[in-house]
1. Could you say which residue among K143, K150 is under 30 Å from P71 (Cβ atoms), modelled with pLDDT under 95 and not hydrophobic (A, V, I, L, M, F, W, C)?
2. Of the numbered conditions (1) touching a residue at least 24 places away in the same chain (Cβ under 8 Å); (2) in contact with a helix residue (DSSP H, G or I) (Cβ under 9 Å, 6 or more places away or on another chain); (3) not polar (S, T, N, Q), A88 fails exactly one; give the number of that condition.
3. If you scan the range 75-91, which residues turn out to be of a type in the set (K, R) and either under 18 Å from P40 (Cα atoms) or within 14 Å of the chain's Cα centre (by Cα) (or both)?
4. Out of the residues in the range 92-144 meeting the condition of being part of a loop (DSSP other than H, G, I, E, B), closer than 15 Å to P54 by Cα and charged (D, E, K, R), tell me which one is nearest to the chain's Cα centre (by Cα).
5. Mind checking which residues of the range 177-192 are open to solvent by 20 Å² or more (accessible area, probe 1.4 Å) and not in a loop (DSSP other than H, G, I, E, B)?
6. All but one of (1) in a loop (DSSP other than H, G, I, E, B); (2) free of Cβ contacts under 8 Å to residues at least 40 places away in the same chain hold for M200, so report the exception by its number.
7. Check the range 208-224 and report whether any residue there is touching a strand residue (DSSP E or B) at 6+ places or on another chain (Cβ under 9 Å), at pLDDT below 95 and open to solvent by 10 Å² or more (accessible area, probe 1.4 Å).
8. Give me the residue from the range 80-96 that is open to solvent by 80 Å² or more (accessible area, probe 1.4 Å) and out of contact with any Pro (no Cβ under 8 Å at 6 or more places or on another chain) and, out of that set, nearest to K61 (Cα to Cα).
Amino acid sequence: MHTSVPSVSAIASGFGSVKEALPPALDSSSDPPAIFDGTPKLYISYTCPYAQRPWITRNYKGLQDKIKLVPIDLKNRPAWYKEKVYPANKVPSLEHNNQVKGESLDLIRYIDSNFEGPPLFPDDPARREFAEELLSYTNSFYKAVTSFFKGDETSVAGAAFDNIETALSKFDDGPFFLGQFSLVDIAYAPFIERFQPFSMEVKNYDITVGRPKLALWIEEMNKIEAYKETKRDPKELVESYKNRFLSAL
């Protein structure tokens, strides 16, 4: 338990500086964990960008000992997950206070509001308003970029990345969307982590060209331990996206 006030450097990198030993993913042959035993549990998949959002949030707030990570094998899901934990049978989900909640953007807010650790949502009204705009844009951003992957013109994705560059230019007191690191960065990071290598390798399109704020944001994100611990091998991400988007062409 962290009782002292964290240093600026600790906050900057996220509390999770000690690398966590990640448990193996549970599949259809695995027994369930002790469900509703009072221990908060975050059910994720190591490969799911949506699940990566609350995982980063948990790490950054230093909750590795408070919220147990329970990885699920999405290709061979255990029946008990749907039957006993989360009827929607998706990840992420969070078991807390004898309830199970889902939806990644809801979960990152919930974890930030209901657990200790450095706050990830600003008090300043102007920044809060801008944060809400950016969180609302995540789905449109995803659709624009993936339409490019499916064969649409580069301009569609280019406009979406230009919107990100513009958003990163609004506050100049730090390299992140709201100046300082926040839930907004957590919402976008898992997807840009996938979009960048796939765009480069498959589409020969560098998303950072002409977008210095985005290039700096990626560089600074990659210094945050809480995020780095959740990242996948870029080659693995590219192969996954090839299977998803190129097989349909």
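1. Just a single option satisfies the conditions, and that option is K150.
2. For A88, the failing item is (1).
3. K82, K84, K90, listed by residue number.
4. Taking the range 92-144 first, the residues part of a loop (DSSP other than H, G, I, E, B) are 92, 97-98, 103, 115-124.
Now drop any that are not closer than 15 Å to P54 by Cα, which leaves 92, 103, 115-121.
After this cut, where a residue has to be charged (D, E, K, R) as well, the list is 103, 116.
Values: E103: 12, E116: 19 Å.
Across the range 92-144, the extreme among qualifying residues is E103.
5. Within the range 177-192, Q180 is the sole residue that qualifies.
6. (1)
7. no
8. Going through the qualifying residues, I end up with K90.
The values are calculated or read from the model by the stated rules, or taken from the named source; none is laboratory data. Not measured: the values here are computed from a predicted model. Here the Cβ is made from the backbone with ideal geometry for all residues, glycine too, and neighbour counts use every protein chain on show. Remember, those area values only see protein heavy atoms, side chains included, never the ligands or the DNA or RNA. Shrake-Rupley method; radii C 1.70, N 1.55, O 1.52, S 1.80 Å.
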